[in-house]
Structures are given as structure tokens and as C-alpha cells.
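The values are calculated or read from the model by the stated rules, or taken from the named source; none is laboratory data. Not measured: the values here are computed from a predicted model. A quick note on method: Cβ atoms are made from the backbone with ideal geometry, for glycine too, and the neighbour counts reach across all protein chains shown.
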Amino acid sequence: MLRKKLSLWTLCLLSLFCFSTTNLKAQSVTIDKVIITADNAYVFGWGDQTGLSYLNGNIHNKTAADIFSSGVPGPETYTNIQLNVPDYLYIAAWSDDKITQGVLAQFTSNNNTVYTGVGDWRVFSTGIDKDDGSNPLTKADINAQIALANSTIGAWKDKASGYLVYGDLNDVGGIFPKVGLIDQQATWMWYNPDPANITNAFTNNAADGQGEYLIFRLPVKDVVGDCCTKCCDNFKSQFDDLVHFKVDPTTGQGLFFQSFNGKAVGGLKEVSASIVSSSAVSCNGTPSSLGLHFQSPTPVTGWTDQLTHPPFSHEITWCRDLTTKSSIFILQQPLALTIPVSELKCAQTVKFCIKYTFTNEKCQACEVIKCYEFSYSELMGGLPRLAQGKRQPTVAPPRPVRSPVITPVKVKPPVRKPMELRPTIRTLTPRPTTRPAPRPPVNVRPVKVRPVEPRPETERPLLLKPQDQVKPVDLEKDPRKPVVDQPADGKKGPQKSDREKPAVKKPAVKKPAVKKPAERKEAAAKPVTKEPANRSVLLKK
């Protein structure tokens, strides 16, 4: 039983998951209004890729008023159409094989309008000839032909193949009169069975009806828009790095030079520039909002300029000129911007950001936001500066000096405090306790010690004479007097030697006689005798 319950719960969860996944893929949308006219008959419906789910119309226009009139009769209007994003819009049409043939329509959803001639339109020629008075088409008839086209490779033809052709705009001067209820941007479209030989499929009145009836279809996402994460990959824009802004201080009107260009895959449809923020910093450093706005539109070749708001607008929009069909936008003229004079006088620095939006034919948009900053001197002199912030070496005119309002300021006397001596704490770094590593032993060679030979003992001659030698004294036999005692009263008596020393008589030393030269020769002739070691003995002798 437990296994059966688990299996049932598993099936329920899987069914819920599959249901929720399907709902996430099919996003419900609403097309507010559809206006269609055809020369001559058509039916309108919608469904998925496999076929129609709903069918409206079966309109057969027999007169010119039914096709081109701005009232009733005239083009048909369908409102509040509920469908899904993966669905398609279908138009099945045929002609009466007379004068002209074509289809003209426009689709609006959330203020976004798509026309015939714009978007990923495809056409399939059924080869079934229908004329005036033919039986109306049913949903089953059309679904059978859609299934046939889906099963045949290359059955659905686009504009690049040459079989799907776009003709005149909904304007005067073409082969079709102007339809009042449909915008000028809408283009007539039809099928060309032989692009190599037929030059104008809108006036080719073949007897077989050119393979009619025809089935046209357009993805719903081209009308309501497709949420893409990398839409800007289809766009390419380039902005000049050198910009400058020159303002007249008396009127506040200025010219902002920012050259740029843009293009997109499939062509651009619309370009706009809007001021998203503007502020100023006064001389005392206080920031404040700035009423920066566009003064007038800037003309661009091949594009019609218009303000999307009344005067003092923060946005300017350029729409593609439908007569020239220029798909590249190039702005080389300055933008006319105005700063209120009252705010300009106190502005030290002006900062503002502009958002540039590029929209292609599939109503996909890519936005680029650029921010700028100018000082007062740069605004007055129109000094150019780089986007990186490096200023050009141009001398600016001096700024007018305004007389400042001086307000008295009360200055408090300084409070004197007694001087305090703060002890300075000196941090001593302790010496390292680790001893240095001992030096490695050095290989010292052994020193050879030479033995010292003892000196021979010889008798040294006495250096003292006999009379100079000190002899020991015998105190008992010494006849010298004893030391005289000192008096009892403590007075010192005459100091005398304790003993009388006998006078010592020194032997007289005879000086050698000076020998004359003759005696010197005799002395030299005499043999030299060796003097004895004891000289005193020799003198006695």
C-alpha cells in the first residue's frame, strides 16, 4: 500500500511540474488594437505555429470606399485580443485580379505599434485561386494549408527571397490612395510569383490570381516585444571623447557638443536622448538640483526630430525619415541645452547625465548612459575636455567677482589650561638572550717547539769592591750608644742618632800620570798583562 501511495504522489507531482512548466513557456499577452484593410478580400486570425485557434473577418471589399475610406465602410478594427507569446498572427488574402492588390495593417500593444513591412513577416502561396464571389475560407481550410507549408522546406518566403514584397507607404503619391485610419509608417505588402520577370506585383493582374489565396503570418513577439538579455549585441554606437559645453551667462542658453553615431542589425527605427539627472555644486560646496532642459530640437540628416514633451522638456527623439529610409544615425550638430540663470550664477560645478536610446525595427532597444562634469570657467569659455577628465590647455575668461555678504562672527577667547608635563614612556627593547653560535673550529697546524739548551754555569766576577760589601752587625759587640729616651712631659728633645757612626776613611785614589808620547811608545812595546778579577787586591799589591 505504501508503494502505491508513493507512486500516486509521484505522478501528481510530475503532472503539476509539467503543467507549471508549460505555463511558464506560454506567456499571455494582449494586443490592444488591430486595423486591417486589403485589396480585395481577407480573413484575420491567430494561433500557434501549427495553425489557427481563432478566426475573424471573411471581409470582401468590393468598392474603393470599402478599402480606403476613413469611416464606415473602411478598414476593420479588432480590439483586446488575448493570445500567447509563441503564437502567430495570420492574414489570408486574395484579389479580384483587377487594377491593384495588396494588404495594409497595423498592430498596437502597450503603446508599441508594428506595421506591415516591419518585422519578421512570411508569406505562403497556396496556389488555390479565389476571386469575387468565392466561398469564404474556414479555419480547417487555412490550417490544412499551414500544415502543408510547415511540412515543405522553404515554403514560407521572407523579404530576402524576393517573393515577399513591400510597396508604397501609406501616403499620397503612390499607386494606392492614403488610408486615413492607418499610420503613415505602414507599408503595402503582397506576393511576387516571379521576382526575376515581374517588376511590380501590386499591379500584375494575372488571370490565375498569382497563386492566390496567400497566407501571411507574423510572430506575436514582434508586436509585444521579446525580452532579450543581449539586445545590445545587435547595436553598435560610437561617441566622441572630446566634448565641450558653452553657456551664455545672461540667458543661460548653451550649446553642448557631443558627436555620436549608431546603427543596428536590420536598421534603426528611433533614437532618443533624455536628461536623467542634473545637479550643481555652489561655491561653498553645497549640492543642489539643476533645471537643465532641451531648448529646441537638433536636426539630423535623414531623420525627423521632435520633442516628446512640451517646452522645458528633458527628452528629444529622432524618428527615421520614411522617405529616405536611412538606417544609420549620425549626430554632428550640438544639442541646445538651457540652464536657468538664477541657478547658473551660484554654480561652481555642473554635473548631468544623458541616456541615449537606440531602437531597431524589431522594437528592441539598447541604452547608453553618459555623464558629464564642467566647471564654471569651462561653461563660460566653452573649454573642451576629454571624457577621461583631462582638460585642454586653453585659457578661460576670468569669472566675475561677486561681493560676498559678510556676517559678524563672535570669537570666543581661548581657554588657557595649565601646562601639564606628560611622562614619556620609553620602551626598551630587551637584548636577545640567545648567545651567538660558536665559531667553527679552525684547523691549526701544530707548532714545533724547539728545546732550549741550558746555559753553562760560569763564575761571574764580583761587581762590588771589598770595602762596599755589607757585613752583618753583631749588636752585643756594637760599641754604639743606645737610643735616648723621650722626656715624660711629651716634649720632644733634641734628636740625635742613637749611635755614633765611626768615620770611614776612603783610600786616596791616585790619578794616573799623563804619559808623554815617548812613554806611550814604551808602554806599547811592553807586554800587556791580564788584569786580575779582583781589582782591589791588585791595588794593595
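Of 35, 146, all but one fail to be within 30 Å of residue 268 (Cβ to Cβ), at pLDDT 85 or above and β-branched (Val, Ile, Thr); the exception is 35.
For region 45-54, the condition holds for no residue, the condition being that it is acidic (Asp, Glu), in contact with a Gly (Cβ under 8 Å, 6 or more places away or on another chain) and in contact (Cβ under 8 Å) with a residue 24 or more places away in the chain.
If the requirement is being without any contact (Cβ under 8 Å) to a residue 40 or more places away in the chain and within 23 Å of residue 320 (Cα to Cα), which of these qualifies: 286, 301? Just one listed residue meets the conditions, 301.
Residue-wise test of (1) in the same structural domain as residue 95 (by TED's automatic domain parsing); (2) at pLDDT 90 or above; (3) closer than 27 Å to residue 98 by Cβ.
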site: 156; (1), (2), (3): yes, yes, no
site: 180; (1), (2), (3): yes, no, yes
site: 209; (1), (2), (3): yes, no, yes
site: 241; (1), (2), (3): no, no, no
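Only a single criterion out of (1) farther than 23 Å from residue 110 by Cβ; (2) among the hydrophobic types (A, V, I, L, M, F, W, C); (3) at pLDDT 80 or above is not satisfied by residue 223, namely (1). Note on region 89-107: among residues that are among the hydroxyl-bearing types (Ser, Thr, Tyr) and in a loop (DSSP other than H, G, I, E, B), the one that is nearest to residue 202 (Cα to Cα) is 100. Determine whether region 169-183 contains at least one residue that is β-branched (Val, Ile, Thr), surrounded by 14 or more Cβ atoms within 10 Å (Cβ to Cβ), within 13 Å of residue 121 (Cα to Cα) and touching a residue at least 60 places away in the same chain (Cβ under 8 Å). No: region 169-183 contains no residue that is β-branched (Val, Ile, Thr), surrounded by 14 or more Cβ atoms within 10 Å (Cβ to Cβ), within 13 Å of residue 121 (Cα to Cα) and touching a residue at least 60 places away in the same chain (Cβ under 8 Å). Scan region 108-125 for residues that are outside any loop (DSSP other than H, G, I, E, B) and over 41 Å from the mean Cα position of the chain (by Cα) and the total you get is 4.
When region 31-72 is filtered for residues that are assigned to a loop (DSSP other than H, G, I, E, B) and exposed (fewer than 15 other Cβ atoms within 10 Å of the Cβ), the ones remaining, listed by number, are 49, 50, 62, 63, 70, 71, 72.
Considering region 340-382, and only residues there that are in a helix (DSSP H, G or I) and among the charged types (D, E, K, R), the residue that is surrounded by the fewest Cβ atoms within 10 Å (Cβ to Cβ) turns out to be 345.
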